[in-house]
1. For residues that are closer than 20 Å to Leu47 by Cα, within 16 Å of the ligand (Cβ to nearest atom) and not in a strand (DSSP E or B), tally how many sit in the stretch 163-212.
2. Where the second residue is within 11 Å of the ligand (Cβ to nearest atom) and assigned to a loop (DSSP other than H, G, I, E, B) and the first is on the phi > 0 side of the Ramachandran plot and lies in the stretch 204-215, which pairs have Cβ atoms under 8 Å and are six or more apart or on separate chains?
3. Does Phe60 satisfy the condition of being aromatic (Phe, Trp, Tyr), within 16 Å of the ligand (Cβ to nearest atom) and part of a strand (DSSP E or B)?
4. Just checking, how many residues over the stretch 169-195 are in contact (Cβ under 8 Å) with a residue 40 or more places away in the chain and either within 18 Å of Val84 (Cβ to Cβ) or buried (at least 18 other Cβ atoms within 10 Å of the Cβ) (or both)?
5. Could you list, in sequence order, all residues of the stretch 63-90 that are within 16 Å of the ligand (Cβ to nearest atom) and over 12 Å from the mean Cα position of the chain (by Cα)?
6. What pairs can you find where one residue is in the stretch 49-67 and at positive phi, the other is surrounded by 18 or more Cβ atoms within 10 Å (Cβ to Cβ), and their Cβ atoms are less than 6 Å apart, with a gap of 6+ or different chains?
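The values are calculated or read from the model by the stated rules, or taken from the named source; none is laboratory data. Keep in mind it's a predicted model, so treat the numbers as computed, not measured. Neighbour counts run over all protein chains shown; Cβ positions are idealised from the backbone, glycine included.
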Amino acid sequence: MVNLKNVTVHYSSGIDALVDVNLHISEGEFVFIVGESGAGKSTLMKLMLRELTPSSGRVFVNNRNIGALKGNKIAMFRRTIGVVFQDFRLIEDYTVYENVAFALRVADSSSKTIRQRVPYVLNLVGLGSKAKSKVRELSGGEKQRVAIARALANDPGLLIVDEPTGNLDPKRSYEIVGLLKEINRCGTTVVMITHEHDLVQYFGGRIINLEKGVITFDETIGGSEDYYEE
Ligand code: ADP
């Protein structure tokens, strides 16, 4: 699904944000990307979204060398990936329904598809009853769910989630990761960027640790999910 081959990203400031990174993420995986601030996590995410191209090396998503994409092929490629940004990027004055419908409309979905798909993804994230609420009236955890629903609107094979628990209390954080795990069980590959070690230890799974642009750890660990109590 995602393949990085000897990828280095050199910024004009003189910093190497990623150094000769090799990484393979298979279809159906759930991967945590962890690392301190400045480790290169956002740079890795931008590479996977083709917001950046590597200074050297190649990035493949679904077996395509995405660095070679040009013009509107880049926009078309991005539509095949679901992204949940740290700041959500929702339209606050729109309803929950409209925010999700918007993602479908820009991807040229039919009205019929929109009418079917929006309630489906809202139910999936547990927000079926909030469809008519304005986003600005929602809690942080609910906004996060709207952002996830919108990212899933076009049924992407890959979902990238950037620090989804950054502004949430612990209980909501565990619920959001639980939801992402559920989405993964339904077949979507999930890459979650986080710096919250407790959460990662609790859920377990494949953990990729970045340090100064280098992968220093890439292993699957068992979680302690069964022992968590509020
Ligand atoms: P993280 O997401 O793990 O905090 P980043 O990928 O944002 O890490 O940053 C990795 C390194 O690259 C840091 O040293 C950061 O200061 C630097 N960096 C990130 N973006 C830019 C940029 N646009 N121009 C110059 N340096 C950058």
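1. 4
2. Going by the 8 Å Cβ cut-off, the qualifying pairs are Lys212/Gly38; Lys212/Ala39; Lys212/Gly40; Gly213/Ala39; Gly213/Gly40.
3. On the way: aromatic (Phe, Trp, Tyr): yes; within 16 Å of the ligand (Cβ to nearest atom): no; part of a strand (DSSP E or B): yes.
It is false that Phe60 is aromatic (Phe, Trp, Tyr), within 16 Å of the ligand (Cβ to nearest atom) and part of a strand (DSSP E or B).
4. 15
5. Answer for the stretch 63-90, where residues must be within 16 Å of the ligand (Cβ to nearest atom) and over 12 Å from the mean Cα position of the chain (by Cα): just Asp87.
6. Correct list of pairs: Arg50/Ile66; Gly57/Val7.
Table: residues versus (1) among the hydrophobic types (A, V, I, L, M, F, W, C); (2) part of a loop (DSSP other than H, G, I, E, B); (3) more than 25 Å from Gly187 (Cβ to Cβ); (4) at pLDDT below 95.
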residue	(1), (2), (3), (4)
Lys70	no, yes, yes, yes
Met76	yes, no, no, yes
Asp93	no, yes, yes, no
Glu98	no, no, yes, no
